[in-house]
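Worksheet for the structure shown next.
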Amino acid sequence: MASSSESTLTGILTALGISIATYYAYNILSFLHLYILHRSTISRYLASDPSASETRSWALITGASDGIGLGFAHELASHGFNIILHGRSPTKLAAVETALKTQYPKISTRLFVLDVYPPNTAAIDDYVRGLANDGVRVRVLVNNIGGPTLTGSPAFRPLTSLMAVDIQKLFELNVGFPTLLTRALLPAMREPALVLNIGSFVARVPGPLLSVYAGCKAFNMSWSRSLGVELRAEGRQVEVIGLLVGEVQSSQHRELKGPLVCTSRVLARSALNRIGCGKHTVVPWWRHAATLALVEHLPDALLDRIMAGSSTTRMEKDKRLLEIQKRRL
Ligand SMILES: NC(=O)c1ccc[n+]([C@@H]2O[C@H](COP(=O)([O-])OP(=O)(O)OC[C@H]3O[C@@H](n4cnc5c(N)ncnc54)[C@H](OP(=O)(O)O)[C@@H]3O)[C@@H](O)[C@H]2O)c1
């Protein structure tokens with residue numbers, strides 16, 4: 001017969017086993033629900049408002065001339081949204097506008113041309129005032145603009161190699177501009193409204209040689225959640241979601257390939273498929289989600305070692321690519 005201490009131990013181990021099994025079963029079922037069963041509620045934001053001068057809802061996408069922003073522009077246009085394309089190059093934006101109008105002739109488009117550095121709060125406020133004067137009330141805002149690199153410089157760099165102005169540009173691109181634009185737009189957004197803030201895995205996984213960018217991306221996620229709760233407490237119907245993004249082929253990452261890399265269109269479509277899931281932070285693409293879930297289970301010391309090694313390799317690759325580009329010029 002088992003002694004009472006043996007049966008107590010067996011009881012504790014059984015309870016522990018059941019708790020762990022329940023935890024993992026819950027996580028697997030949540031995963032399957034989010035990526036297979038969940039039906040997007042994006043059409044909720046498309047509903048036309050009879051009192052409005054426009055019959056279609058407007059979506060504003062920042063950094064829409066290329067990469068993930070361009071992917072969102074196409075995906076939202078394919079749902080029937082009117083699109084406001086933000087970027088810094090009038091030529092690139094005009095080309096995107098022409099492509100959208102050809103593919104989706106029923107939608108309307110507008111351009112918002114503004115280089116986000118140096119910061120120009122007056123230009124943001126003026127643009128938003130102009131929208132109000134024209135009776136345009138944005139319903140969907142995609143704060144996509146951002147990135148780890150400044151044009152023509154390697155993304156992977158030690159903090160001490162960055163000039164003060166490099167750091168200020170990274171702050172502006174990833175944090176300052178999205179915050180100021182959202183502040184300006186929110187009061188006049190048509191409800192129910194949707195705000196998507198694009199983050200990155202480096203908000204959750206160490207990003208050596210990308211430390212400023214990683215910090216900015218952590219801001220995006222934390223800000224997103226707090227803002228969503230704040231707006232709900234104010235009684236506003238604004239769904240705010242932070243999107244955790246893994247590797248995506250985009251203008252600065254055209255060379256990326258592999259089973260864990262998706263195109264900008266796939267990323268944008270996956271993000272729109274997750275709308276209405278009730279989460280404040282979502283990994284849009286299921287393969288990225290599975291990867292992040294596994295990575296976050298690694299012990300910190302092991303993860304730090306892996307990330308240090310992979311960042312150094314990427315830094316060397318970045319340097320070689322830039323040298324090749326310079327030689328071609
Ligand atoms: N790609 C990835 O693997 C990846 C991974 C994780 C997170 N993300 C995040 O996803 C978002 C989009 O990244 P992406 O890779 O798609 O970027 P991207 O291909 O480099 O596109 C960036 C967009 O922002 C615009 N832009 C850049 N600097 C600007 C400035 N100073 N003023 C105005 N517009 C400016 C670009 O305009 P131009 O066309 O004129 O350059 C372009 O439209 C970022 O927030 C990034 O952090 C990307």
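When Ser270 is tested against the conditions (1) in contact (Cβ under 8 Å) with a residue 24 or more places away in the chain; (2) over 11 Å from the mean Cα position of the chain (by Cα), the lone failure is (1).
Among all residues of the stretch 42-51, there is none that is over 28 Å from Lys279 (Cα atoms) and modelled with pLDDT of 95 or more.
Within the stretch 75-119, restricting attention to residues that are of a type in the set (Lys, Arg) and within 12 Å of the ligand (Cβ to nearest atom), which residue is farthest from Leu141 (Cα to Cα)? The residue in question is Lys92. Selection of the stretch 128-165 for residues being assigned to a helix (DSSP H, G or I) and either without any contact (Cβ under 8 Å) to a residue 24 or more places away in the chain or in contact with a helix residue (DSSP H, G or I) (Cβ under 7 Å, 6 or more places away or on another chain) (or both) yields Val128, Arg129, Gly130, Ala132, Asn133, Leu159, Thr160, Ser161, Ala164, Val165.
Could you tell me whether Gly69 is closer than 30 Å to Glu296 by Cα and in contact with a strand residue (DSSP E or B) (Cβ under 9 Å, 6 or more places away or on another chain)? Yes, satisfied. Out of all the residues in the stretch 125-155, which are out of contact with any strand residue (DSSP E or B) (no Cβ under 9 Å at 6 or more places or on another chain), among the aliphatic types (A, V, I, L, M) and within 14 Å of the ligand (Cβ to nearest atom)? If the condition is that a residue be out of contact with any strand residue (DSSP E or B) (no Cβ under 9 Å at 6 or more places or on another chain), among the aliphatic types (A, V, I, L, M) and within 14 Å of the ligand (Cβ to nearest atom), then Leu150, Ala155 are the ones that fit. Scanning the stretch 193-241 for residues that are more than 10 Å from the ligand (Cβ to nearest atom), of a type outside the set (S, T, N, Q) and under 11 Å from the mean Cα position of the chain (by Cα) returns Val195, Leu196, Met221, Ile241. Restricting attention to the stretch 93-125, the residues that are assigned to a loop (DSSP other than H, G, I, E, B), open to solvent by 40 Å² or more (accessible area, probe 1.4 Å) and over 20 Å from Phe81 (Cα atoms) add up to 5. If you go through the stretch 113-144 and pick out every residue that is closer than 28 Å to Gly276 by Cα and either within 21 Å of the chain's Cα centre (by Cα) or among the polar types (S, T, N, Q) (or both), you end up with 7.
Confirm whether Ser57 is away from the ligand (no atom under 16 Å from the Cβ), more than 18 Å from Val283 (Cβ to Cβ), open to solvent by less than 20 Å² (accessible area, probe 1.4 Å) and not basic (Lys, Arg). Considered against the rule, which asks whether it is away from the ligand (no atom under 16 Å from the Cβ), more than 18 Å from Val283 (Cβ to Cβ), open to solvent by less than 20 Å² (accessible area, probe 1.4 Å) and not basic (Lys, Arg), Ser57 comes out as yes. Consider Glu239 carefully, then state whether it is crowded, with 16+ Cβ neighbours inside 10 Å, within 27 Å of Ala308 (Cα to Cα) and in the same structural domain as Val116 (by TED's automatic domain parsing). Here the answer is no, as Glu239 does not meet what is asked. Only one entry of Leu209, Leu180 meets the criterion of being in a loop (DSSP other than H, G, I, E, B), open to solvent by 20 Å² or more (accessible area, probe 1.4 Å) and in contact with a Pro (Cβ under 8 Å, 6 or more places away or on another chain), and that entry is Leu209. When we screen Leu70, Leu60, Leu34, Leu85 for residues that are of a type outside the set (Gly, Ala, Ser), in contact (Cβ under 8 Å) with a residue 60 or more places away in the chain and outside any helix (DSSP H, G or I), the only hit is Leu60.
Checked against (1) open to solvent by 40 Å² or more (accessible area, probe 1.4 Å); (2) more than 14 Å from Ile36 (Cα to Cα); (3) within 16 Å of the ligand (Cβ to nearest atom), Ala268 meets all criteria but (1).
Residues are listed down the side, and each one gets a yes or a no for (1) under 27 Å from Leu150 (Cβ atoms); (2) of a type in the set (Gly, Ala, Ser); (3) in contact (Cβ under 8 Å) with a residue 24 or more places away in the chain:
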{"site": "Ser224", "(1), (2), (3)": "yes, yes, yes"}
{"site": "Arg236", "(1), (2), (3)": "no, no, yes"}
{"site": "Cys262", "(1), (2), (3)": "yes, no, yes"}
{"site": "Cys277", "(1), (2), (3)": "no, no, yes"}
{"site": "Trp285", "(1), (2), (3)": "yes, no, yes"}
{"site": "Leu292", "(1), (2), (3)": "yes, no, yes"}
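The values are calculated or read from the model by the stated rules, or taken from the named source; none is laboratory data. Worth saying up front: this structure is predicted, and the values here are computed from it rather than measured. Backbone-built Cβ (ideal geometry, glycine too); neighbour counts: all protein chains shown. When the accessible area is computed, the model is the full protein with side chains, heavy atoms only, and any ligands, DNA or RNA have been set aside. Shrake-Rupley method; radii C 1.70, N 1.55, O 1.52, S 1.80 Å.
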